[in-house]
Each structure stands twice: as structure tokens, then as C-alpha cells.
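Novice: Below are the C-alpha cells for one structure; questions will follow.
The values are calculated or read from the model by the stated rules, or taken from the named source; none is laboratory data. These numbers come from a predicted model, not from an experiment. Please note: Cβ atoms are built from the backbone with ideal geometry, for glycine as well, and neighbour counts cover all protein chains shown. To get the accessible areas, we keep the full protein, side chains included, count just its heavy atoms, and leave off ligands, DNA and RNA. Shrake-Rupley method; radii C 1.70, N 1.55, O 1.52, S 1.80 Å.
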Amino acid sequence: MENISLKDRFIEIGEYGAAGFYEEEDRSLFYRRALGVRRFYENRRLPKYTGQPLYPSGSIYEEEMGVYPSRDDGLGFVTRGGFEGNSDLLWRVKSDWGSFEGTIPPVHRVAGNMANHSMPNYMRILSEGLVSYRDRIEKIEDRDMREGLLHILEGIFCYIDRCVERLEEKNADEKLISALKKVPKYPAENIYEAILSWNFVMYLDCLDNGGCLGYGLKPYFHGENIVPYLRNMFENVEINAGYSLSVDTSCPELTCQILEAARGLRRPMIELLIDDDTPDCVWKKAFEIVRSQGGQPAFYNKKAIFEGLKERFPEIRDEDIETFCGGGCTETMLTGCSNVGSLDAGVNLLYIFEKTMKEKLSSCDTFEEFYSAYISDLRNDVDNIKDIISECREERAKCAPNPMRTLLIDDCIDRGVEYQNFGTRYSWSIISFAGLVNVLDSLLAIRELVYDKKKYTAEEVISFLEADDEGFLAEVKTLPLSHGRNIPEVNEFAARLSGDVYSTTDGGELYKGMGFISASIIFSNAAHGGSYVGATPDGRKKGAPIADSLGAIFAKDTDGPTSLLGSVSSFELGKALGVPVLNFNVQSDFSDEVLRALITGYMKSGGLQMQLSCVSKEELLDACEHPEEHRNLVVRVGGYSEYFVNLDDTMKRMIIDRTVHTEI
């Protein structure tokens, strides 16, 4: 017993992924992780089969092992499975595994700390099959990378064979068995095989993102009814809390079936790419699905996003632009050929504003001087964050190689460069900016009260805020110049401020990357961001949440939806290709014609993304009182969809306080 190897000890407790990792301890971390992945797939417990049209289906984590494939680092572990009662082995794994944690300052992690979503090249696997990858892998000079990737291929093929055997034991539909004997090993030849292959590859990548599903399936679709297959795949994403996929409208019948399959589901988040050619039938189906209260779909400005990306990164190929998908929740990526720092940081604009105000407002003789001081402080902080991001990317490349994504995402194999070392065709970093609307309204209040009307001194304003003075906060909430009312003077200043904010990502060296792009995506981190900041001149109390992405705060958008959209479109949205999120609440009795006009008008004014929640305020309030009766109520939260009852009380209150546009 004393001489038993680590590999054998892990086999004894059923941790085959860990056993593989310790099988050849003198090899590189990449190779060891890859071999661990192979052993995992050779031995993992097979998913249940209950007659569904796709396999695998169900939870990816329904097993007894603590070591499992991970989208973040290829092979991860949790304190479960065989580790229970074997603390020495858990300690050894933690010591040897190699791990990465982002070092973005906590205050600037408002929905961002080196997040790294991605998506496989589904289209290549559909057209070529994974067997064809072997020839390309054999050409890699690096021995550990070459042999590691071959191990993963063999593990996948073994897993496919085991799945087929299980299906045969269960007397599954012969159509499913025959198709799984073929894909994803070999090319798909029909739409069923294409969907089955897509689903299988999603499981290999832990159901992170579905990529450009509409674009990818179009060559295989010939008018068949595929809703049951798509529904099965979408339910798999839902069960495993996966994220998003994109759908264009070039094949209306396929688009409508994808939308129908998402009816009532919160995941995957469907990104509908609209343009001037989007047909009436797609609009009709989209609004029908909006009314199903799944938070589906979100609407994306295809033309503006594609043209903006080409302008920002001219090296992007025209054919690759078509593979756009907002990865994670909605972060700009290209399917199968990009490694994007999906939200590398979430800059807390309001925190920087408060610091500038306390340190410099009293010494600034003019508003322009104060504004310049704020933008200067912001640039300094963003420059520092960009340096940290580059350092983190370099560190992650050393300590957290990802063999599975190296296999599945181009051009890692052909370049012989690992995924986290940026062997992919494209790589950029997204920096999100939180609290833009708060800063806008705060600056407008400072300009009016301190400089224009001279009602208060700088010292008095700061004193009121430090005291969380209710009278002062109530006063500034009612100031007429604020975001959401489509006031030309406010819009002009909003364009200036947002342009200055988003431009801070221009320039700067990015470790093995093409550059930085901006976003405004807050998710459920509004409360986290606000916890660092005292009371502010927009009327926000000390520690209160910051604004939800780009919408109006304190329900100030009282002049109707057109005014709100006019205000939001005054921001320099084209400088935020990462993207800028707009949450928009409607009731189910909305007019299709009016809502379509609002969406297309917003897009023509520069809007890049709009996501809808279809729910009344009364229903939200009732869900707070009787959550058991509203388990399936879905709302949009700053970039993603979530069951309302799953949100914390602060986020519930924020969503309830949003304006619900009842006049549409």
C-alpha cells in the first residue's frame, strides 16, 4: 500500500481524470491535462437516456467524480466525488494542478474579472468531422501538444462508442444510433445529423455557448420540422445554465423554428440579428416568443455590429464576420476562431467619479476643469487596468492551458499554439464600463448646482453626500436635466461623456491580442459595484446599486419609450462594440407594429442591442409575495436572462423599479 502510485490511488477512488493527470508526471501541464481528459471520457458515467432525440442530454455534472472537463482550464476539480474523505489527495491536486485567478482590483470587477467564454468551430466539425483533425494534429512540432491532442481525440471517440453501446442497450431509436455512429466523428449530411453533432460538441465544451447556430445549420436545412431536436438541445443548455447563441434571418423558416424552440426558456439566450431585410414572418414569430416570457429573443443590429468590427479590426475576414455571436451573455466574439477576454474588467465609473469629486471638485474653478480632471483620472485607471489584463493573460497562458479548446477552436492546431497562449485566429479584450448613467446625471447635477446656479459650494455638496442627506438626494433626483427624457442638451453631453469613456480603451498594448473594445454590461453586479461608492449627486444613496447598463435610473424615463430610446441612442454606442446593453420592459398587450418601429428606429439611430422583459409590475410584485407560483417567470438582467425568483432582493427591487412601457 505504501508504494501505490498516485495514479493508482486516484483510480481506486474513481477519479479517472486525476489519474490521467498523474499518469506521466514528467510531461507538460498541457499534456497531463489532455491525458486526464482522455481518461475521464473513457470512464465517466454515461448520461441517462429517456427517449429524447439527442444524446447526450441532461446535466453534465450528474456523476460521482470530482475531476471533470472545465471550459475555463480544460480540466478542473471540485471537492466532491472521490475526494470526500481523501483530503491528502485533494491537497495534492490543488498544489499540482495549476490554476489561474484574475487580479483585477475588486472595485473594478463589476461583471468582469478575466472571464473567458468561447465557442468551438461547430461548422468545421459538421463539414469535416473530428476524424479529419488527426492529420492536422500530426503536423504539430511540439510533442506534448501533438500527443496531448491525440489523446483527447481518442478519449472523445471512446466516449462516442460508449454512448452508442448504451443506446443500443436501451433499444433507442435506430435513427439516433445510426447518426451517433457517424457524427461528430465524420461529416454531417443532413439536418438531424448536424443538430446531433452540434449538441455533442456543445457537451465537449461544457455547454458554454452555442455560437452562430442559424448560420451554421443553414447549409443542412431544407424545410424539415426540426423544432423537437432544437428544443431538446436548448433544454440541455437550460439544464446546464449555458449561455447564448446567435441567429440571422437569411433563412426565415429556419430562424422561426429556432425561435419557436426557445419558447418560454431562459437559456440559451437567443441573439436575433436583424437588418433591413428581416422578413415580416420573423418579426411576427419573434414577438410571439417575446410574449412567452422567456426573455427571448434579444435584438441585435447586424449591419452596425459587423461594420463596426471590420472598422475596428480590419484584419477580420469577411466570411468570419458572419460567425458573430455574443459569447457568455452578450460579449462580442466570432464562433470557432476567437479567444476573447469576454469581460476582462468592469470599470466602476462611479467609484472613480466619487474619488475625483472628493479630491478635486473644491479646487476646480470651472465645470470644464472638473470634467477634465475626471476624464484624466478615468484614463489613468483604465491604463492601469489594461496593463493588469495583459499581465493576467500572460500568466494564464503559463499556468492554465486548455487542451479541449485548443482542439476545437481554429487556428490553434494549424499554428501549433495553445488556446490560452492565443493560437486562435482572433483575440481581443473587452472592458465593460459600469455606472455611465449615474456619472452622467451626477455631472449634470454638479454643473447646475455648483457652477451654473451656484446654489451650493463644492464643500456643501460633498458634505451632503457624506451625510447621505435625504433632502439633498431627493432634490437632485428631480432636476430636469437627466438621462431618459431625450433632452437635446443632455443628449449632447451624453455623447461627449460616453465618447470620452469608451475611447479610453483605444490604444495600449495587449499581450498577444489585437486590442481592447468597450462595453456596458452590468449583469447582476449592480449592487456589488454600488457597495464601494457613497451617495452621489444623481440622487443615489450610499451603497445603493449603480444603474442597470444604459437604462434610465429612478424611473426617470417618464416621457415614454421614444424619449428613452432617443436618450440611449445619444451615447456613442458605436464605440462600445463589446456591446452596450439596453433592457426594455413591455407588457404582453404591446402592439407588434409599434414595438417593431421602436426597435428599428433605435437601431437606425445607432443602437446595437436591445433585450426585452415582457412582464407587468403587478406580476413582479406578486412573484415577490408568492415565488412558488412564479417559478418560470424570466426577466432580463443587464445582459442575460434569469428566473426572477432566483435573484437576490436587491436585483428584484431594481427590476421592479424599471419603467414598464405600457403605451406600446
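Novice: Looking at F464, F472, F433, which is the one that is under 24 Å from S549 (Cα atoms) and of a type in the set (F, W, Y)?
Specialist: Numbers: F464 fails: under 24 Å from S549 (Cα atoms); F472 fails: under 24 Å from S549 (Cα atoms).
Exactly one of F464, F472, F433 is under 24 Å from S549 (Cα atoms) and of a type in the set (F, W, Y), namely F433.
Novice: Now for a separate question. Give the number of residues within segment 591-636 that are open to solvent by 10 Å² or more (accessible area, probe 1.4 Å), assigned to a loop (DSSP other than H, G, I, E, B) and modelled with pLDDT of 90 or more.
Specialist: 3
Novice: Next question. Within segment 240-259, restricting attention to residues that are open to solvent by 40 Å² or more (accessible area, probe 1.4 Å) and within 21 Å of G326 (Cβ to Cβ), which residue is farthest from the chain's Cα centre (by Cα)? Reasoning before the result, please.
Specialist: Going residue by residue through segment 240-259, those that are open to solvent by 40 Å² or more (accessible area, probe 1.4 Å) are 241, 243, 250, 252-253.
Filter once more, keeping what is within 21 Å of G326 (Cβ to Cβ): 241, 243, 250.
Working: A241: 12, Y243: 7, S250: 24 Å.
So the residue we want is S250.
Novice: While we're on this one: Of the residues that make up segment 62-73, is at least one closer than 30 Å to G529 by Cβ, open to solvent by less than 10 Å² (accessible area, probe 1.4 Å) and not acidic (D, E)? Working first, answer last.
Specialist: From segment 62-73, those closer than 30 Å to G529 by Cβ are 70-73; that's our starting set.
Filter once more, so that each one left must be open to solvent by less than 10 Å² (accessible area, probe 1.4 Å): none.
So far as segment 62-73 goes, no, none of its residues is closer than 30 Å to G529 by Cβ, open to solvent by less than 10 Å² (accessible area, probe 1.4 Å) and not acidic (D, E).
Novice: Still on this structure, please answer the following. Taking the conditions exactly as written (open to solvent by less than 10 Å² (accessible area, probe 1.4 Å), more than 25 Å from C325 (Cβ to Cβ), touching a Phe, Trp or Tyr at 6+ places or on another chain (Cβ under 9 Å) and touching a residue at least 24 places away in the same chain (Cβ under 8 Å)), does L207 satisfy them or not?
Specialist: Details: open to solvent by less than 10 Å² (accessible area, probe 1.4 Å): yes; more than 25 Å from C325 (Cβ to Cβ): no; touching a Phe, Trp or Tyr at 6+ places or on another chain (Cβ under 9 Å): yes; touching a residue at least 24 places away in the same chain (Cβ under 8 Å): yes.
Considered against the rule, which asks whether it is open to solvent by less than 10 Å² (accessible area, probe 1.4 Å), more than 25 Å from C325 (Cβ to Cβ), touching a Phe, Trp or Tyr at 6+ places or on another chain (Cβ under 9 Å) and touching a residue at least 24 places away in the same chain (Cβ under 8 Å), L207 comes out as no.
Novice: Consider only pairs whose beta carbons are under 7 Å apart and that are at least six residues apart or on different chains; among these, list those whose first residue lies in segment 169-188 and is more than 17 Å from E154 (Cα to Cα) and whose second residue is of a type in the set (D, E, K, R) and open to solvent by less than 50 Å² (accessible area, probe 1.4 Å).
Specialist: Sorted first by the residue in segment 169-188, then by its partner, the pairs are A179/E193.
Novice: So, I11, is that one assigned to a loop (DSSP other than H, G, I, E, B), within 22 Å of K94 (Cβ to Cβ) and open to solvent by 10 Å² or more (accessible area, probe 1.4 Å) or not? Steps first, answer last, please.
Specialist: On the way: assigned to a loop (DSSP other than H, G, I, E, B): no; within 22 Å of K94 (Cβ to Cβ): yes; open to solvent by 10 Å² or more (accessible area, probe 1.4 Å): yes.
Taking the combined requirement at face value, the residue does not satisfy it.
Novice: Any residue at all in segment 162-179 that's of a type in the set (S, T, Y) and surrounded by fewer than 17 Cβ atoms within 10 Å (Cβ to Cβ)?
Specialist: Residues of segment 162-179 of a type in the set (S, T, Y): 178.
Now drop any that are not surrounded by fewer than 17 Cβ atoms within 10 Å (Cβ to Cβ), which leaves 178.
Yes, because at least one residue in segment 162-179 is of a type in the set (S, T, Y) and surrounded by fewer than 17 Cβ atoms within 10 Å (Cβ to Cβ).
Novice: Just checking, how many residues over segment 340-376 are out of contact with any helix residue (DSSP H, G or I) (no Cβ under 6 Å at 6 or more places or on another chain), among the polar types (S, T, N, Q) and farther than 26 Å from G639 by Cβ?
Specialist: Result for segment 340-376: 4.
Novice: Of all residues being among the basic types (K, R) and more than 22 Å from the chain's Cα centre (by Cα) in segment 638-664, which is least open to solvent (accessible area, probe 1.4 Å)? Just the residue, please. Lay out the reasoning, then the answer.
Specialist: Applying the first criterion (among the basic types (K, R)) to segment 638-664 yields 652-653, 658.
In the following step, the residues that additionally are more than 22 Å from the chain's Cα centre (by Cα) were identified as 653, 658.
Values: R653: 118, R658: 33 Å².
Filtering first and then ranking leaves R658.
Novice: Would you mind listing the helices (runs of 4 or more DSSP H) fully within segment 403-514 where at least 3 residues are hydrophobic (A, V, I, L, M, F, W, C) and buried (at least 16 other Cβ atoms within 10 Å of the Cβ)? It would help to see each step written out before you state the result.
Specialist: Values: elements: 403-408, 412-415, 436-446, 458-466, 470-477, 488-502.
It comes to 403-408, 436-446, 458-466, 470-477, 488-502.
Novice: Further question: Provide a single number: the residues in segment 33-51 that are open to solvent by 30 Å² or more (accessible area, probe 1.4 Å) and either hydroxyl-bearing (S, T, Y) or under 18 Å from A400 (Cα atoms) (or both).
Specialist: Filtering segment 33-51 for residues open to solvent by 30 Å² or more (accessible area, probe 1.4 Å) gives 38-39, 42-43, 45, 48-51.
From what's left, either hydroxyl-bearing (S, T, Y) or under 18 Å from A400 (Cα atoms) (or both): 38, 49-50.
Looking only at that region, the number is 3.
Novice: I've got another one for you. Anything in segment 580-590 that is aromatic (F, W, Y) and either more than 26 Å from the chain's Cα centre (by Cα) or open to solvent by 40 Å² or more (accessible area, probe 1.4 Å) (or both)? List them, or say none.
Specialist: Here is the first cut: in segment 580-590, the residues aromatic (F, W, Y) are 584, 590.
F590, the sole residue that qualifies.
Novice: One residue is enough: does segment 134-147 have a residue meeting the conditions open to solvent by 20 Å² or more (accessible area, probe 1.4 Å), among the hydrophobic types (A, V, I, L, M, F, W, C), on the phi < 0 side of the Ramachandran plot and touching a residue at least 12 places away in the same chain (Cβ under 8 Å)?
Specialist: Going residue by residue through segment 134-147, those that are open to solvent by 20 Å² or more (accessible area, probe 1.4 Å) are 134-136, 138-139, 141-144, 146-147.
If we keep only those that are among the hydrophobic types (A, V, I, L, M, F, W, C) as well, we get none.
Within segment 134-147 (the criterion being open to solvent by 20 Å² or more (accessible area, probe 1.4 Å), among the hydrophobic types (A, V, I, L, M, F, W, C), on the phi < 0 side of the Ramachandran plot and touching a residue at least 12 places away in the same chain (Cβ under 8 Å)), the answer is no, since none of the residues qualifies.
Novice: Yes or no: F306 of a type outside the set (K, R) and either in contact (Cβ under 8 Å) with a residue 40 or more places away in the chain or assigned to a loop (DSSP other than H, G, I, E, B) (or both)?
Specialist: Working: of a type outside the set (K, R): yes; either in contact (Cβ under 8 Å) with a residue 40 or more places away in the chain or assigned to a loop (DSSP other than H, G, I, E, B) (or both): no.
It is false that F306 is of a type outside the set (K, R) and either in contact (Cβ under 8 Å) with a residue 40 or more places away in the chain or assigned to a loop (DSSP other than H, G, I, E, B) (or both).
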